[in-house]
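Take a look at the structure set out below.
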There are 2 protein chains.
Amino acid sequence: MSAPPDGEMSLPATPMELYEKVTLQGGTVRLLKSNKAPKEEIDAAVKELLALKMDYKTLAGQEYKVGIPPTNSTTVNNNSLAIAEDGGDYVDPWTVQTSSAKGVDYDKLIVRFGSSKIDQELINRMEQVTGQKAHRFFRRGIFFSHRDMHQILDAFEMKKSFYLYTGRGPSSEAMHVGHLIPFIFTKWLQDVFNVPLVIQLTDDEKYLWKDMTLEQAYNYAIENAKDIIACGFDINKTFIFSDLDYMGQSSGFYQNVVKIQKHVTFNQVKGIFGFGDSDCIGKISFPAIQAAPSFSTSFPQIFNGQKDIPCLIPCAIDQDPYFRMTRDVAPRIGYPKPALLHSIFFPALQGAQTKMSASDSNSSVFLTDTPKQIKTKINKHAFSGGKDTIEEHQRFGGNCEVDVSYMYLTFFLEDDEKLEKIRQDYSSGKLLTGELKKILIETLQSIITEHQLRRKQVTNETVKQFMTPRKLVFDF
Amino acid sequence: MSAPPDGEMSLPATPMELYEKVTLQGGTVRLLKSNKAPKEEIDAAVKELLALKMDYKTLAGQEYKVGIPPTNSTTVNNNSLAIAEDGGDYVDPWTVQTSSAKGVDYDKLIVRFGSSKIDQELINRMEQVTGQKAHRFFRRGIFFSHRDMHQILDAFEMKKSFYLYTGRGPSSEAMHVGHLIPFIFTKWLQDVFNVPLVIQLTDDEKYLWKDMTLEQAYNYAIENAKDIIACGFDINKTFIFSDLDYMGQSSGFYQNVVKIQKHVTFNQVKGIFGFGDSDCIGKISFPAIQAAPSFSTSFPQIFNGQKDIPCLIPCAIDQDPYFRMTRDVAPRIGYPKPALLHSIFFPALQGAQTKMSASDSNSSVFLTDTPKQIKTKINKHAFSGGKDTIEEHQRFGGNCEVDVSYMYLTFFLEDDEKLEKIRQDYSSGKLLTGELKKILIETLQSIITEHQLRRKQVTNETVKQFMTPRKLVFDF
């Protein structure tokens, strides 16, 4: 299996296997050149060759050299594909860490992960196809990267539909504001495209990774479902499921899990997720469970067994390793590759060096916080790009690039002009840190109070309805 | 976690971990001795120490020496626990191989696996408790080893019930006569003890291990179910399930699978089953799926959520690694350990060096064979312990210990006296090889013809009934 032409990386195998792939691809390039093949064909082959060489270097720890196979044939257990090695950024599904207060260098992550940038052209096309103004998350680069979004739009233009898949790992009862991002965005996508949506709650994953019982993990899933439902999803088009429940409700789901598990080796999950020999076998096989909802046959009750309905996955970029694996496996089990829309991380209160984490209550604004708690947390913890004294601030201005309050406003303030004015005023020193924080506090208080009101209206009966496997209402 | 007092091995960890266990146990022994503890207590601790030292030697490849930790701390990937190393016997769930024409040395296997011999005392007790003559498989050492069978009988005497669990990997449509052994025996146990029975068809396992589609594996499961039903199981007390089906029908089953998967590491399955880094993650996590039916909560529809109903598993000894793992995990997830009854292997036609295998049609008598095919196969392939000429045979006698026809008769001929007469006459040379084969041919023809008749009566509707998750009829 050679790397797909879009430059996406295939799964890592042993250095020796990769060595042979590079050698083979080198031969392909030479053949194309000697046959005077069309330029774009040669270019694509060269691009693939370079990507393979890069993978080889990462995996084997040495440059590819013709005729010199890897000296050490053991696979290096180094999370290689999960690391954006340049600049010291570390990104995998469990850890986000960078030394820069501006946050992770997302342009480098795009190169490293082999995804595509969401550029103005794509945004324009989306507006044209849907007849709607692009969501502020698109306009502001919060969803910044994609895989195959053009194919989803192609299909949509041809009146072929698709479905949305997103999810959450229910690690605690309380979700924080950062957790809302994919759901706010997915709700908008559902409204704009009018398509069915499945939301996976990986309670099995949390049970496997954390020190909690199955019952706790399941209860968190139910509590989290209430917060998700409060985002306003259409009950006729949305299926929310707990893995612990749904695995026992649908043989289609388990059958896809087994299909995926047959086509991914331990070496591969070791390379992608950094698993080791002392990890439990549940963790090792879990990636297949997060992959399976990418295929419409996992939901026979919704798609009636149709196996070619494309899937679009909005998620934070740290979840991409799961879906790189999924896209690698898809053609080998006869399914279309899922398309993806990647968001940046929601920064911790203390700064964009890491993402907001529910397990650190000081770093997070929870959806259960009172207006007073919100005020205290922002005032006390939100990292400021302002200067130490009012005089200095007024003279030199604040730094929006590292200011967490400003960053949060880019997520939550809908009005572009108002946001731009805040940016200018803060950068010039006209707007003081306290004033900026006050705008954020009021914005968050309003968002969270409204969320709490909507959540109160979510009854157990409603949760049960959303989580019952059933037909959804759609046109294709 | 120290090794249980019955000498059963706990799961292998790293040599270093085992080294520390041995050291710790050595301390315990010294302490007991210096405290002048009761003799049986000291003896038990010494027995455990010796078992741990033996495990250490296998895993670390060196003798345990006080104060000298293992030199090479990497775990040896050598199927260690699956090998009966003495005498060159090799036994794991996929391979049975020995250099001896008499077959595997089962007494050594008992020592190596840490199980208990089924001795005359146990057989007498079973006859007393059930009021029934012991099955010929007990009388003739075909079921020769057990774990905790006395506890099952204790419970039964106190009117507490238990359930039976056995299974089959549906690797092909055609089952051979050897496949009948656990089912003939399990049916007898069901009749004698009057308890519910679950039969697992591991179609997911066969899909993962073999070059076949999910649909093929599932179809084999259905075809095999017909052969199993033809053994005469009580439809009111028996639930037969395909993993591919049942995983999607019961959240209790998946939840137990995840619980087990959280408590077993890759290192452990590597040590027990010999899995390597290039094995697919499906194989690596599969042992949890064969383990889960050992716990009554995997069948909420049958046991109504009761989590303490003991399980008795009749199976061939090569399946023991799965259940050693299961027994190690059980107390850590709050469940009772399953009890086991182990059978010897059904020898290949060519001799007891290996077991009968459906993938080698020359080594097997299939349940679909015609009387003529049976006759030809036995005459042509059944390894004989007779002499080369009639004169020599009459003078020196045949060797029943290596004669496959005689071995098969020990499995299928009910009449003890008749079998003993055959043994004497063959050993003395009075019975010729052709005559012995004729007795076997007629016996097998009768068994298989009757089986085929009963199988024809198994309708698709009956299969569906057996395979529908439902309440079973029992008294506890």
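Each reported figure results from applying straightforward, stated rules to the coordinates on display, with no laboratory input. Keep in mind that what you see is a predicted model, and the values were worked out from it rather than measured. Heads up, the Cβs are rebuilt from the backbone with ideal geometry, glycines too, and the neighbour counts pull from every protein chain shown.
With the cut-off at 1.5 for a/c, could you classify the stretch B:167-212 from its C-alpha gyration tensor as rounded, prolate or oblate? Intermediate values should be presented prior to the final figure.
On the way: a/c = 4.76, a/b = 1.99, b/c = 2.39.
Oblate, because a/c is 1.5 or more while a/b does not exceed b/c.
For the stretch B:199-260 and the stretch A:292-325, what is the centre-to-centre distance using only Cα atoms, to the nearest Å?
After rounding, the separation between the Cα centres reads 26 Å.
Hey, if you put +1 on the Cβ of every Lys and Arg and -1 on every Asp and Glu Cβ in the protein assembly as shown, which of A:Thr449, A:Leu214, B:Leu50 ends up farthest toward the positive end of that dipole?
Projecting each Cα onto the dipole axis, the largest value belongs to A:Thr449.
Return the percentage of antiparallel bridges among DSSP beta bridges fully within chain A, rounded to the nearest 5 %.
On the way: 15 of 32 bridges.
DSSP beta bridges in chain A are roughly 45 percent antiparallel.
Of A:Lys108/B:Lys262; A:Lys226/A:Lys377; B:Lys270/B:Lys471, which sit over 30 Å apart, Cα to Cα? List each step's numbers first, then the result.
On the way: A:Lys108/B:Lys262 35 Å; A:Lys226/A:Lys377 24 Å; B:Lys270/B:Lys471 38 Å.
Beyond 30 Å between Cα atoms: A:Lys108/B:Lys262; B:Lys270/B:Lys471.
Using the 10 angstrom Cβ neighbour count as an exposure proxy, how do B:Ile260, B:Ile240 rank, fewest first?
Values: B:Ile260 28, B:Ile240 25.
Going from sparsest to densest Cβ surroundings: B:Ile240, B:Ile260.
Semi-axes of the protein assembly as shown's equivalent ellipsoid from the Cα gyration tensor, sqrt of 5 times each eigenvalue, largest first, rounded to whole Å?
60, 30, 29
When the convex hull of the Cα atoms of the stretch A:318-476 is projected onto a plane and the area is averaged over all directions, what value comes out in nm²?
The number I arrive at for the stretch A:318-476 is 13.7 nm².
Given R₀ = 22 Å, what would the calculated FRET efficiency be for A:Lys438 paired with A:Val458, taking r from the Cβ atoms and rounding to 0.05? Write down the numbers at each step before the final one.
Working: r = 31 Å, r/R0 = 1.40.
The pair A:Lys438/A:Val458 has a calculated efficiency of 0.10.
Just check the stretch A:393-476 against the gyration tensor rule for me: Cα atoms, a ≥ b ≥ c as the square roots of the eigenvalues, rounded for a/c under 1.5, and otherwise prolate or oblate depending on whether a/b exceeds b/c.
Details: a/c = 4.33, a/b = 2.63, b/c = 1.65.
Prolate, since a/c reaches 1.5 and a/b exceeds b/c.
Taking the mean number of other Cβ atoms within 10 Å as a proxy for protection, how do you rank B:399-407, A:91-99 from highest to lowest?
On the way: B:399-407: 21.7, A:91-99: 17.3.
So the order, starting with the most tightly packed, is B:399-407, A:91-99.
How far, in degrees from 0 to 90, does helix A:433-456 lean away from the longest principal axis of the Cα atoms of chain A, to the nearest 10?
80
Kindly express, to the nearest 10 degrees and within the range 0 to 90, the angle between helix A:320-329's C-alpha long axis and the longest C-alpha principal axis of chain A.
30
Is the shape of the stretch B:288-332 rounded, prolate or oblate, going by the alpha carbon gyration tensor and its root eigenvalues a ≥ b ≥ c, with a/c under 1.5 for rounded and a/b larger than b/c for prolate?
Values: a/c = 2.30, a/b = 1.71, b/c = 1.34.
It comes out prolate by the Cα gyration axes.
Given the rotation relating B and A, tell me which residue in B puts its Cβ closest to the axis and the distance in Å.
In residue-and-Å form, the answer is B:Ser285, 2.
Taking each pair of different alpha-carbon atoms in the stretch A:291-374 once, compute 1/r for the pair, average those values, and report the inverse of that mean as the Kirkwood hydrodynamic radius in Å to one decimal.
On the way: mean 1/r = 0.0652 Å⁻¹.
Mean inverse Cα-Cα distance, inverted, gives 15.3 Å.
Normalise the Debye intensity by I(0) for chain A, one equal point scatterer per Cα, no solvent, then take log10 at q = 0.06, 0.07, 0.13 Å⁻¹ and round to two decimals.
For chain A, the Cα-only Debye profile gives -0.28, -0.39, -1.31.
Report the label-to-label distance for B:Asp308 and B:Glu401 in nanometres (one decimal), using points 7 Å from each Cα along the Cα→Cβ vector.
That separation, rounded to one decimal, is 4.9 nm.
Would you list, by chain and number, the lysines whose Cα falls below 19 Å from the Cα of B:Lys21, excluding same-chain residues fewer than 8 positions away?
Hits, sequence-local ones excluded: B:Lys33, B:Lys47, B:Lys53, B:Lys57, B:Lys65.
What is the pair-distance distribution P(r) of the stretch A:223-376, computed from all Cα-Cα distances in 10 Å bins starting at 0, with each bin given as a whole percent?
Spelled out bin by bin, the stretch A:223-376 gives 9, 30, 35, 20, 6, 0 percent.
Between B:Lys456 and the same site in the other copies, what are the distances in nm, shortest first, taking label points 7 Å from Cα along the C-beta direction?
B:Lys456 label point versus its equivalents elsewhere: 7.4 nm.
Taking all pairs of distinct Cα atoms, average 1/r, flip it, and tell me the Kirkwood hydrodynamic radius of the stretch A:332-411 in Å to one decimal place. Intermediate values should be presented prior to the final figure.
Working: mean 1/r = 0.0674 Å⁻¹.
Taking the inverse mean of 1/r over all distinct Cα pairs, the stretch A:332-411 comes out at 14.8 Å.
Taking a cut-off of 18 Å between Cα atoms, list the aspartates and glutamates near A:Lys372, but don't count ones fewer than 8 places away on the same chain.
Qualifying aspartates and glutamates at Cα under 18 Å: A:Glu435, A:Glu442, A:Glu450.
Summing -39500 (n - 2.57) over the DSSP H runs of n ≥ 4 in the protein assembly as shown and dividing by its residue number, what mean residue ellipticity at 222 nm do you reach, to the nearest 500 deg cm²/dmol? Display every interim value, and only then the final one.
Details: 44 runs with 466 residues, N = 952.
One gets -14500 deg cm²/dmol as the mean residue ellipticity at 222 nm.
Rounding to the nearest 10 and keeping the result within 0 to 90°, find how far the Cα-based axis of helix A:214-229 lies from the longest principal axis of chain A.
70
Considering the options A:Thr376, A:Phe303, B:Gln394, tell which one lies farthest towards the positive end of the dipole of the protein assembly as shown, charges being +1 on Lys and Arg and -1 on Asp and Glu at the Cβ, about the Cα centre.
Going by the charge dipole, the pick is A:Phe303.
Measuring nothing but label to label, 7 Å from Cα along Cα→Cβ, what are B:Ile235's distances to the other copies in nm, shortest first?
4.2
Distances in nm, one decimal, shortest first, from B:Glu392 to the same residue in every other copy, taking the label point 7 angstrom along Cα→Cβ.
10.4
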